[in-house]
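My questions all concern the structure below.
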Amino acid sequence: MSDLKAFNKWDVIGIKVDDPGLQNYISLQPRIVPKTGARYAKNRFHKSKIFIVERLINKVMIPGHKGKKHFKTSNHITGKANRAYEIVEDAFKMIEGQIKENPIKVFVKALENAAQREEIITIEYGGARYPKAVECSPQRRVDVALRFMTQGAYQKSFNSKKHIESCLADEIINAYRLSSASSAIAKKLEVERQADASR
């Protein structure tokens, strides 16, 4: 089991999740073909036991909409698992080529960097609505970071000469480097700033 590699290329031995809140929610059990086929879809919290790269593939397959702009994020997505698998594998190859590091390690660190700690809810009090800062649960932190990464990549590849593989690789590298050029990092900073203001 120890010599099993993700995509049969990249080792996950030695990759650690530094954020203690996310350690139980980012699974690093390697799979040559990360595809469980929604076997655990109805099991509560089971998605956190699925290999984290498979969760990225699932998000690439069904990214959802960003600000009701489906035509930029989910219009061209066919839901083909094999196509999503190829996009993620090619993006990881580009990451390895650009920064000469294990792309799984880079992705996990990028995910930790992009996971927001707080968010805003709206409470109604006496007919008026007020924003209120709340802590984000660990599972939601991972979900939201994955969503913003994939949506940001699709937004950048829309109507542009850059392919989605290249945009996804750039998004992960920028999040890894804590650069605000990453959509996920920019959104995290914006939400945490709003939460700080509405405390």
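The values are calculated or read from the model by the stated rules, or taken from the named source; none is laboratory data. For clarity, every value in this text was computed on a predicted model and none was experimentally measured. Methodologically, a virtual Cβ is constructed for each residue, glycine included, from the backbone with ideal geometry; neighbour enumeration extends over all protein chains shown.
Taking Gly97 as the residue in question, decide whether it is modelled with pLDDT under 85 and either touching a Pro at 6+ places or on another chain (Cβ under 8 Å) or under 24 Å from Lys162 (Cβ atoms) (or both).
Working: modelled with pLDDT under 85: no; either touching a Pro at 6+ places or on another chain (Cβ under 8 Å) or under 24 Å from Lys162 (Cβ atoms) (or both): yes.
So Gly97 fails the test.
Condition (residue is in contact with a Lys or Arg (Cβ under 7 Å, 6 or more places away or on another chain) and closer than 23 Å to Pro20 by Cα) applied to region 148-166: is it met by at least one residue? First the steps, then the outcome.
Restricting attention to region 148-166, the residues satisfying the condition of being in contact with a Lys or Arg (Cβ under 7 Å, 6 or more places away or on another chain) are 148, 150-151, 154-156, 158, 162.
From the residues that got through so far, the ones that are closer than 23 Å to Pro20 by Cα too are 148.
Yes: region 148-166 contains one or more residues that are in contact with a Lys or Arg (Cβ under 7 Å, 6 or more places away or on another chain) and closer than 23 Å to Pro20 by Cα.
Tell me, which residue of region 36-79 that is at pLDDT 85 or above and of a type in the set (D, E, K, R) is farthest from His163 (Cα to Cα)?
Top of the filtered list is Arg44.
Got a sec? Which of Gln139, Gln116, Gln151 is under 26 Å from Ile50 (Cα atoms), of a type in the set (S, T, N, Q), touching a residue at least 40 places away in the same chain (Cβ under 8 Å) and surrounded by fewer than 18 Cβ atoms within 10 Å (Cβ to Cβ)?
Details: Gln116 fails: surrounded by fewer than 18 Cβ atoms within 10 Å (Cβ to Cβ); Gln151 fails: surrounded by fewer than 18 Cβ atoms within 10 Å (Cβ to Cβ).
Matching residue, one of Gln139, Gln116, Gln151: Gln139.
In region 57-95, what residues are touching a Ser or Thr at 6+ places or on another chain (Cβ under 8 Å) and either exposed (fewer than 14 other Cβ atoms within 10 Å of the Cβ) or outside any helix (DSSP H, G or I) (or both)?
Matches in region 57-95: Ile62, Pro63, Gly64, His65, Lys66.
Scan region 157-199 for residues that are among the hydrophobic types (A, V, I, L, M, F, W, C), surrounded by fewer than 21 Cβ atoms within 10 Å (Cβ to Cβ) and farther than 26 Å from Ile77 by Cβ and report the count.
3
Yes or no: region 11-33 includes at least one residue that is farther than 25 Å from Asn113 by Cα and without any contact (Cβ under 8 Å) to a residue 12 or more places away in the chain. Spell out how you get there, then give the answer.
Taking region 11-33 and keeping what is farther than 25 Å from Asn113 by Cα, we get 32-33.
Next cut, without any contact (Cβ under 8 Å) to a residue 12 or more places away in the chain only: none.
Within region 11-33, none of the residues are farther than 25 Å from Asn113 by Cα and without any contact (Cβ under 8 Å) to a residue 12 or more places away in the chain.
Out of region 90-127, which residues are more than 15 Å from Ile172 (Cβ to Cβ) and of a type in the set (A, V, I, L, M)?
Selection gives Ile120, Ile121, Ile123.
OK, next. What pairs can you find where one residue is in region 74-98 and hydroxyl-bearing (Ser, Thr, Tyr), the other is part of a loop (DSSP other than H, G, I, E, B), and their Cβ atoms are less than 6 Å apart, with a gap of 6+ or different chains?
What qualifies is Ser74/Pro63; Ser74/His65.
Every residue in region 118-131 that is over 17 Å from Glu190 (Cβ atoms), touching a strand residue (DSSP E or B) at 6+ places or on another chain (Cβ under 6 Å) and not aliphatic (A, V, I, L, M), please. Before you say what the answer is, go through the steps one by one.
As a first pass, look at region 118-131 and keep what is over 17 Å from Glu190 (Cβ atoms): 123-130.
If we keep only those that are touching a strand residue (DSSP E or B) at 6+ places or on another chain (Cβ under 6 Å) as well, we get 123, 129-130.
Answer for region 118-131, where residues must be over 17 Å from Glu190 (Cβ atoms), touching a strand residue (DSSP E or B) at 6+ places or on another chain (Cβ under 6 Å) and not aliphatic (A, V, I, L, M): Arg129, Tyr130.
How many residues, within region 20-44, are out of contact with any Phe, Trp or Tyr (no Cβ under 9 Å at 6 or more places or on another chain), of a type outside the set (Gly, Ala, Ser) and surrounded by fewer than 18 Cβ atoms within 10 Å (Cβ to Cβ)?
Matching residues across region 20-44 total 8.
Right, another one. Which residues, counting only those in region 29-45, are out of contact with any Lys or Arg (no Cβ under 9 Å at 6 or more places or on another chain), under 18 Å from Met61 (Cβ atoms) and not aliphatic (A, V, I, L, M)?
Across region 29-45, the qualifying residues are Arg31, Lys35, Thr36, Gly37, Arg39.
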